[in-house]
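Coordinate-derived values only; no laboratory data. Treat the numbers as computed from the prediction; the structure is a model and nothing was measured. As a convention, Cβ positions derive from the backbone with ideal geometry for all residues, glycine included, and neighbour counts pool all protein chains shown.
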Ligand code: TXA
Ligand code: MG
């Protein structure tokens with residue numbers, strides 16, 4: 001069992017000893033280690049069962065630290081950092097040699113972000129090193145947005161969870177890279193495409209759908225963020241008519257469906273707020289996964305703002321469900 005409390009000194013102590021701990025961020029909980037300690041970083045991959053070819057994001061506590069980690073930083077990257085940090089934006093930049101190839105999975109680019117969570121920001125400002133931190137879930141499973149989610153998945157593999165309450169945003173950071181003059185979104189996240197374009201003008205979106213073994217685009221593993229139960233995505237009444245013989249649970253945007261018991265339905269936002277949907281999504285998937293049901297039927301949410309990232313996560317969560325359906 002991991003200790004769960006908000007003691008910064010303890011967190012700092014574990015990290016300075018080369019241990020791996022869970023940390024809160026505004027998006028999801030992370031599994032953090034000293035990015036300059038290769039053995040500690042290797043533990044992160046082992047604890048998550050994460051393939052070594054999938055690199056980690058470095059977390060920093062102030063913007064100036066970016067220069068310790070990256071070189072040839074485009075001015076537009078600095079403009080984005082100044083606008084959105086601390087916040088759910090990750091920048092892909094040319095890495096300095098001080099960063100181990102283990103962190104970046106041999107890529108010449110390093111992913112950097114400054115999270116917007118008061119406790120973790122304080123922690124990062126006290127540490128003499130950046131934290132390499134992926135989401136604190138087992139590889140492929142749903143990301144944790146509450147300390148209890150981390151405890152359930154990893155409580156027997158780590159000794160400390162820094163308590164920071166529920167993640168206020170609930171969807172991972174938006175990942176952005178730069179090629180020549182182009183600004184490229186590689187992972188849809190909680191900062192919307194619209195919000196980014198308001199600051200820097202038009203961007204390209206490269207979200208490729210590929211398998212685990214050929215993961216080249218961040219967060220692009222098709223079966224990802226996935227509950228153990230199959231999840232089918234689409235028009236719920238249609239799905240219900242084809243699955244009436246199974247025990248179904250429903251993940252709904254803003255309303256309950258008749259013909260299914262209310263206790264087998266999770267409504268993400270009764271008022272139709274996409275921000276509330278993002279806040280609830282990963283907890284809702286875990287709640288449905290724990291129900292006595294055979295299959296989760298889910299709606300898409302409106303495809304605008306943070307809704308695009310929510311639909312992206314739902315699509316990846318449904319991958320196994322789609323395979324089941326095809327058989
Ligand atoms: O909101 C977030 O970004 C959370 C919190 C904990 O900060 N972190 C997170 O980490 O979502 P993770 O590891 O679950 O997802 C990070 C994604 C991965 O898909 C990885 O492939 C990509 O970022 N990534 C990291 N470093 C990269 C690099 N050097 N080049 C390309 N992709 C990279
Ligand atoms: Mg993750």
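Give the relative contact order (percent, whole number) for the stretch 26-153; include only Cα pairs under 8 Å separated by 6+ residues.
Relative contact order here is 41 percent.
Neighbour counts of other C-beta atoms within 10 Å: give me 292, 163, 194, 172 arranged from fewest to most.
Going from least to most buried by this count: 292, 194, 163, 172.
Using the 2.2 N^0.38 Å rule of thumb for compact globular proteins, work out how the chain stacks up: its C-alpha Rg over that value, please.
This ratio for the chain stands at 0.98.
For residue 83 and residue 2, compute 0.36 nm times the residue count separating them, minus their Cα-Cα distance, and round to one decimal in nm.
Between residue 83 and residue 2, full extension yields an extra 25.5 nm.
Measure off 7 Å from each Cα along the Cα-to-Cβ vector at residue 148 and residue 195, then give the distance between these two points in nanometres to one decimal.
For the pair residue 148/residue 195, the computed spacing is 2.7 nm.
Using only the alpha-carbon atoms, what does the stretch 46-117 span along each of its principal axes? Please give whole angstrom values in decreasing order.
The principal-axis extents, from largest down, are 34, 27, 16 Å.
What's the extension gain from residue 254 to residue 242 if we count 0.36 nm per residue and subtract their Cα-Cα distance?
2.1 nm
Classify the stretch 1-65 as rounded, prolate or oblate, taking a ≥ b ≥ c as the square roots of the eigenvalues of its Cα gyration tensor: rounded when a/c is under 1.5, otherwise prolate if a/b is larger than b/c and oblate if not.
It comes out rounded by the Cα gyration axes.
If one computes P(r) from the Cα atoms of the stretch 66-161, what percent of pairs lie at distances over 16 Å?
65 percent
How many nm is it between the label spots at residue 156 and residue 204, if each spot is 7 Å from the Cα in line with the beta carbon?
Here the answer is 4.7 nm between the modelled labels.
Run through the DSSP bridge list for the chain and note the antiparallel percent, rounded to the nearest 5.
Beta bridges within the chain, antiparallel portion: roughly 45 percent.
What do you get for Rg/Rh over the stretch 1-133 if you use C-alpha atoms and the Kirkwood form of Rh?
When Rh is taken as the Kirkwood radius, the ratio is 0.94.
Please give the calculated 222 nm ellipticity per residue for the chain, where each DSSP H segment of at least 4 residues contributes -39500 (n - 2.57) and the sum is spread over every residue; nearest 500 deg cm²/dmol?
One gets -9000 deg cm²/dmol as the mean residue ellipticity at 222 nm.
Please work out how much length the chain gains when fully extended from residue 96 to residue 10, using 0.36 nm per residue of separation minus the C-alpha to C-alpha distance, in nm with one decimal.
28.0 nm
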